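Taking it in order: structure first as structure tokens, then the write-up.
The values are calculated or read from the model by the stated rules, or taken from the named source; none is laboratory data. Fair warning: this is a prediction, and the values are worked out from it, not measured in the lab. Note that each Cβ is placed from the backbone with ideal geometry, even for glycine, and that neighbours are counted across all protein chains shown.
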Amino acid sequence: MLTYWWNLRGGAVVTTGGRLKARWVIHAVGPRWGEGDEEEKLRQATVNSLRRATEKGMRSVTFPAISTGIFGFPKELCAEMMLETVLDFLAGKETSVERVVFCLWSSEDLSLFQETLRTL
């Protein structure tokens, strides 16, 4: 099952947090830059994560900058797409999610996401 799901870019599933302090972990599959339709796949990974969070009644969700590491997705485009997707989802859907946090690798990434959010 996970092998099949893992190959579906844009998918998301929930598992327990195991020994983590988090009750749940959402596993989302982001796109590899250059594979085609990357923007839609990132949008789907983000929205499907938020849907899974809503299904479980989660009040908060934390995201990394999906696919910007080894998968090579441009950080500027990731920031724009993920932030727009989160804002659209929270504004237009019945959801339990009250807070979305972005856990980013560097202060430069944080500045990029903050500036992008100011422009939306």
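Computed quantities for the displayed model
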| read-out | value |
| --- | --- |
| Subset of the range 67-108 (residues that are more than 18 Å from Ala53 (Cβ to Cβ) and more than 15 Å from the chain's Cα centre (by Cα)) | Ile70, Gly72, Ser106, Ser107, Glu108 |
| Of all residues making up the range 31-54, the number that are small (Gly, Ala, Ser) and over 18 Å from Val100 (Cα atoms) | 2 |
| Evaluation of Ala22 against (1) within 15 Å of Val100 (Cβ to Cβ); (2) at pLDDT 90 or above; (3) of a type outside the set (Ser, Thr, Tyr) (one fails), failing number | (2) |
| Members of the range 25-37 found to be modelled with pLDDT under 95, farther than 11 Å from Met82 by Cβ and either crowded, with 17+ Cβ neighbours inside 10 Å or of a type in the set (A, V, I, L, M, F, W, C) (or both), listed by number | Val25, Ile26, Val29, Pro31 |
| Any hit, the range 65-72, residues being touching a helix residue (DSSP H, G or I) at 6+ places or on another chain (Cβ under 7 Å), among the small types (Gly, Ala, Ser) and modelled with pLDDT of 95 or more | yes |
| Criterion violated by Ala65 - all others in (1) in contact with a Ser or Thr (Cβ under 8 Å, 6 or more places away or on another chain); (2) among the hydrophobic types (A, V, I, L, M, F, W, C); (3) closer than 15 Å to Ile26 by Cα satisfied | (1) |
